[in-house]
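Every read-out reported here was derived from the displayed coordinates using simple, explicitly stated rules and does not represent laboratory data. Because the structure is a prediction, the values reported are computed rather than measured. Using ideal geometry, Cβ is built from the backbone for each residue, glycine included, and neighbour counts are taken over all protein chains shown.
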Amino acid sequence: AAIRYHKWEVKYEYKSLDCYQKLAITINGQTPGPTIVAEKDDTVVVELKNSLLTENVAIHWHGIHQKGTPWFDGTAGVTQCPIVPGDTFVYKFVVDRPGTYMYHAHYGLQRTNGLYGMIQVSLPPGVSEPYTYDHEESILLVDWYHQSTYEQATGLNSLNFVWVGEPQSLLIQGKGMFNCSTLAAGLCNATNPECSPYVMTVVPGKTYRLRIGSLTSLSALSFEIEGHNLTVVEADGSNVEPFVVKNLFIYSGETYSVLIKADQAPTRNYWIVSTVVGRNRTTPNGLGILNYSPNNPSTSPPTVPPVGPAWNDVEPRLAQSQSIKARKDYITRPPKKSDRTIILLNTQNNISGYIRWSVSNVSYTLPNTPYLIAVKDKLHHVFNQGHPPNDYDSQHYDIFSPPENPSATTSNKIYKLRFNSVVDIILQNANTLSKNTSETHPWHLHGHNFWVMGYGKGKFDIHEDPKKYNLVDPILKNTVSVQPYGWTALRFRADNPGVWFFHCHIDYHMFLGMAVVFEEGIEKLGTLPTSIMGCGKAKVSDRT
Ligand code: C2O
Ligand code: CU
């Protein structure tokens with residue numbers, strides 16, 4: 001196994017990703033940052049210099065389990081102190097499973113500024129995937145706002161709540177197109193080469209593996225390539241029993257590999273389209289070009305771009321999630337029973353006039369001393385040592401109406417899981433503060449994969465619904481969606497010593513408290529690296 005060494009400088013730069021000029025965070029001048037390419041069991045080393053001048057940073061390696069290196073998970077407040085301006089921090093971890101993963105900032109709302117990229121882990125030579133292709137390419141899908149994250153954060157965190165609204169653009173691998181017609185050319189210029197559409201060039205007759213990741217701040221997306229079928233073969237690093245779709249629904253935090261065959265008329269180009277679903281969209285579709293060589297890559301297809309599916313049609317989205325099963329011959333069966341069940345109610349709340357998102361009536365706050373250090377070094381006073389709720393008032397709670405009592409509490413308590421125990425998590429969705437509204441939440445677990453045991457509509461029934469769990473071929477994922485007024489059941493083994501974040505991957509929901517933290521097996525860890533310390537009560541000089 002090899003060492004994959006990267007030296008990154010992270011800084012703010014003016015970019016015109018969708019023709020509109022605004023500050024973005026770049027890695028060595030790029031956003032998205034460089035794709036990390038590695039083979040299974042390689043060690044990735046990233047030496048990161050924070051040149052943001054007035055802002056901390058931390059980078060999370062999304063989908064990488066960090067077995068034995070929980071301190072390099074990159075989650076500010078959970079696994080490390082953030083990296084202060086001017087400092088250099090070295091991340092070093094093993095990529096032990098092939099597949100498609102991502103990395104992104106995990107500090108406040110920083111991710112929304114463009115600090116992200118893809119990780120592709122291939123099999124070692126001589127071992128092959130259960131499918132074949134001629135070439136592969138990674139693309140990252142995001143949504144893009146013109147307001148700064150400071151303005152967004154301030155609005156969200158004010159008594160005078162200001163919602164961020166819908167994004168201005170959708171970017172495909174960092175490229176989009178905003179309508180500049182009413183804006184000054186210095187601010188928005190449609191002829192700026194920085195905002196030319198994303199182009200993927202194909203050779204007629206060849207098959208391509210497209211590794212697709214979504215790191216949207218808010219939006220659920222549909223992705224399609226005009227006139228081409230997508231064969232889904234991988235989800236979050238697991239082999240999927242292949243199925244064919246016209247459009248792929250993808251939630252923030254998910255990755256997929258799809259195979260596409262360049263089998264359409266080769267005399268023209270085709271549209272690549274991303275579309276917002278799940279919210280009444282006002283954002284124009286993101287457009288890229290599938291270029292059939294040797295046509296000119298910048299020639300627009302002769303057709304009107306596909307409009308994408310209806311935003312409010314939940315059925316096809318749920319159906320697609322349900323059709324994702326582990327591939328035959330690659331099935332890892334889940335344990336038949338769990339040792340513990342935690343039911344997490346997803347609600348929007350009002351705490352002393354502030355709008356927050358909550359989990360079982362608790363809205364999450366991070367302590368200023370990272371949990372990993374606090375738990376390992378028994379700094380009991382830095383966060384509440386009580387136990388967060390295992391359930392909500394499921395007997396009486398009406399998930400179809402705004403909360404009767406919309407107040408919740410804020411807390412930084414964590415779930416302590418018995419090492420190696422099997423844990424079931426039920427994510428129960430409910431109505432928000434406004435009538436007849438329930439949102440889609442993509443939940444992401446750090447440090448583990450979980451089996452997706454089932455999806456359902458309405459209120460989860462703890463006696464009946466577990467009988468319908470898929471014990472035969474459930475997929476192992478790290479991110480899963482919970483549909484409006486529905487539930488999703490997960491099962492995982494708490495076998496990775498460390499402290500792990502579990503949260504809605506919508507940045508604004510996480511920022512407003514939609515998260516919990518799990519701890520397991522921390523006594524099995526050796527001494528923590530001092531490089532993760534330096535904030536709160538974790539200052540090395542304060543201890544010894
Ligand atoms: Cu990709 Cu904690 O997130
Ligand atoms: Cu959410």
Distance between segment 27-42 and segment 232-252 - C-alpha centres, whole angstrom: 22 Å
Distance (nanometres) between label positions extended 7 Å along Cα→Cβ at Thr132 and Val304: 4.1 nm
Relative contact order computed over segment 195-346 (Cα-Cα under 8 Å; 6+ residues apart), in percent: 27 percent
All Cα pairs of segment 301-340, percent lying beyond 13 Å: 74 percent
Value of relative contact order over the chain, rounded to a whole percent, pairs C-alpha under 8 Å and six or more apart: 14 percent
For the chain, Kirkwood radius (reciprocal of mean inverse C-alpha pair distance, Å): 23.8 Å
Magnitude of the charge dipole, segment 411-477, Cβ model with Lys/Arg +1 and Asp/Glu -1, debye to 20: 200 debye
Long-range HN-HN contacts of Ser214 with modeled amide H, under 5 Å: Leu141, Gly253, Glu254
Cα-based equivalent ellipsoid, segment 153-259: semi-axes from gyration tensor eigenvalues, Å: 32, 22, 10
Theoretical ellipticity at 222 nm over the chain - DSSP helices of four or more residues, -39500 (n - 2.57) apiece, nearest 500: -1500 deg cm²/dmol
Cut-off under 5 Å, modelled amide H: who pairs with Lys325 long-range: Glu241
Per the chain, cysteines lacking a partner by the 4.7 Å Cβ criterion: Cys504
Calculated FRET efficiency for the pair Thr154/Val90, C-beta based, R₀ 35 Å, to 0.05: 0.60
Rg/Rh (Cα only; Kirkwood hydrodynamic radius) as it applies to segment 340-542: 0.98
Per residue convex hull volume, Cα atoms of segment 271-376, in Å³: 320 Å³
Lys524 versus Ser352: modelled label distance in nm, points set 7 Å from Cα along the beta carbon direction: 4.0 nm
Kirkwood estimate for segment 1-129, i.e. one over the average of 1/r between Cα atoms, Å: 15.1 Å
HN-Hα J in Hz across segment 57-67 - Karplus 6.51, -1.76, 1.60, θ = phi - 60°, x for Gly and Pro: 8, 7, 10, 9, 9, 6, x, 8, 7, 6, 5
Segment 129-311, Cα convex hull volume normalised per residue, Å³: 137 Å³
Long pairs among Lys416/Lys457; Lys22/Lys246; Lys49/Lys376; Lys378/Lys413; Lys22/Lys537, criterion Cα-Cα beyond 25 Å: Lys416/Lys457; Lys22/Lys246; Lys49/Lys376; Lys22/Lys537
Segment 98-222: equivalent-ellipsoid semi-axes (sqrt of 5 x gyration tensor eigenvalues, Cα, Å): 34, 21, 11
Separation of alpha-carbon centers, segment 398-471 and segment 310-379, rounded to whole Å: 6 Å
Under 15 Å, Cβ to Cβ, from Ala38 - net charge with Lys/Arg +1 and Asp/Glu -1: 0
Quotient of Cα Rg and 2.2 N^0.38 Å for segment 4-64, N being how many residues it contains: 1.27
